[in-house]
């Protein structure tokens, strides 16, 4: 989940970057171990980046974006920014389909119970 705009005052760029990195890593269903191996860093270092303790180098940011298949700029987005990636679009689509199915089941049950 991206951060709300008022949280931006409390959190620094390292924190914003780390929260978004964690969000997209989890969205790709990668563990810290898996991603750290792909970008050739330790799990401890990745954890520190995700918690906003340290900041990634430019080269590491490029590797992370490439391995997560996202543009670099999304690491720096907050709630007031709009970016819909495939993960988010898939979740939205699934929610819409589930709601449609639930509505159709409700209608069918109502019609069948009246007969």
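Numbers below:
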read-out	value
All positions within the stretch 74-115 that are at pLDDT 85 or above and either in contact with a strand residue (DSSP E or B) (Cβ under 8 Å, 6 or more places away or on another chain) or surrounded by 11 or more Cβ atoms within 10 Å (Cβ to Cβ) (or both)	74, 75, 76
Per-region count, the stretch 41-55, residues surrounded by 17 or more Cβ atoms within 10 Å (Cβ to Cβ) and at pLDDT below 95	1
Which numbered condition residue 38 fails, given (1) modelled with pLDDT under 90; (2) touching a helix residue (DSSP H, G or I) at 6+ places or on another chain (Cβ under 9 Å)	(1)
Filter pass, residue 28 being modelled with pLDDT under 95, over 17 Å from residue 78 (Cβ atoms) and surrounded by 12 or more Cβ atoms within 10 Å (Cβ to Cβ)	yes
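The values are calculated or read from the model by the stated rules, or taken from the named source; none is laboratory data. All values derive from a computational prediction rather than experimental measurement. When we count neighbours, we look across all protein chains shown, and the Cβ atoms used for this are built from the backbone with ideal geometry, even at glycine.
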